[in-house]
Every structure is written in structure tokens, then in C-alpha cells.
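Heads up, the thing below is written out as C-alpha cells.
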Amino acid sequence: MPQIIKKHLSFLSILILLALPLSVSACGISEKTHAGYENASLEHAYQHWKQGEKSSIPFAFLDVRSIEEYNQGHIAGAIHIPIQQLAQRLNELPKDKRLYVHCEAGVRSAKAAALLIDSGIRNIENMPAGMAGWRDAAYPIEK
């Protein structure tokens with residue numbers, strides 16, 4: 001085997017090894033966090049939300065903000081469970097759907113996503129941009 005081909009094969013092998021931590025999600029490639037959930041881009045979450053019932057992947061949005069924050073504006077159809085109540089209300093979550101977890105800016109939703117994974121719930125996507133990002137993008141908000 002010529003030396004140039006060996007070098008290219010070595011390079012490709014390294015690229016493949018570097019790509020192993022990536023997982024293929026239903027809508028593309030995203031990286032799983034050390035806690036086991038995926039971080040969804042705002043655009044990805046919005047596109048899924050926009051598909052609604054037509055989506056080939058069942059999903060739900062989980063808002064873990066306070067009731068006051070939720071009442072100021074939320075994603076239409078979102079399940080609302082404040083993070084302080086989440087561990088006690090896990091039975092209210094759909095087990096057969098992908099969950100897009102969000103808060104205002106991604107901190108509480110990351111904690112909630114980790115709690116969900118630790119509780120055995122899979123197909124979790126955290127929305128790091130949160131409602132702040134959703135509003136900044138001028139996506140629809142319900143009051």
C-alpha cells in the first residue's frame with residue numbers, strides 16, 4: 001500500500017475516533033452531555049415545535065420556570081412543572097415522547113434534564129438558550 005494512502009487512512013481513523021462521542025439524534029447530529037442528555041439548538045427545537053402533530057417523532061416541551069415566569073409568557077402547549085416540584089411530579093411526564101426542557105436561560109433546565117436522566121427518563125433535550133433565546137428569536141409566545 002502506498003505511503004500516501006496509509007497517511008490518509010490514519011487521518012480518517014483519527015477523525016472517526018473523534019466523532020464517536022457524537023450521537024445521531026432523530027433530527028441530526030448533536031453531542032450528548034456527560035449527564036446523558038442532548039443540548040438542542042433553539043432552531044432545532046422551534047422547527048420541531050412548528051411541525052406539531054405532523055412530526056414523525058412525538059415530543060413535548062417542559063417548562064421548569066416558576067409560575068410567575070410561566071404566566072409572563074410560555075411556549076404554547078408546554079407542560080409546566082417548576083424545577084422545585086419536578087422530582088415529585090415525574091409521573092406527569094410523557095414517557096413515550098422526546099422532551100425539550102427549558103427555563104429562562106438554560107441553567108435550571110440543565111439541572112432538570114440531569115434529574116430526568118437520573119430518574120430513568122430518556123430522550124431528553126435541554127434548550128440552553130431558554131425562553132430568553134426563544135423571545136429574542138421572535139418565536140411565538142402564549143400568555
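The values are calculated or read from the model by the stated rules, or taken from the named source; none is laboratory data. The structure presented is a predicted model; accordingly, all values stated were derived computationally and were not measured. Cβ placement follows ideal geometry from the backbone for every residue including glycine, while neighbour counts extend to all protein chains displayed.
In the set (1) more than 15 Å from residue 45 (Cβ to Cβ); (2) in contact with a Lys or Arg (Cβ under 9 Å, 6 or more places away or on another chain), residue 123 fails one condition alone, (1).
The rows are residues; the columns are (1) of a type outside the set (Gly, Ala, Ser); (2) at pLDDT 95 or above; (3) exposed (fewer than 15 other Cβ atoms within 10 Å of the Cβ).
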{"site": "102", "(1), (2), (3)": "yes, yes, no"}
{"site": "116", "(1), (2), (3)": "yes, yes, no"}
{"site": "122", "(1), (2), (3)": "yes, no, yes"}
{"site": "126", "(1), (2), (3)": "yes, yes, no"}
{"site": "131", "(1), (2), (3)": "yes, yes, no"}
{"site": "136", "(1), (2), (3)": "yes, yes, yes"}
{"site": "140", "(1), (2), (3)": "yes, yes, yes"}
{"site": "143", "(1), (2), (3)": "yes, no, yes"}
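With respect to being aromatic (Phe, Trp, Tyr) and touching a strand residue (DSSP E or B) at 6+ places or on another chain (Cβ under 9 Å), residue 46 falls outside the description. Each residue in the stretch 99-111 was checked for being among the small types (Gly, Ala, Ser) and outside any loop (DSSP other than H, G, I, E, B), and 2 pass.
Annotation: residue 84 fulfils all but one of (1) within 20 Å of residue 122 (Cβ to Cβ); (2) without any contact (Cβ under 8 Å) to a residue 12 or more places away in the chain; (3) not small (Gly, Ala, Ser); the unmet one is (1).
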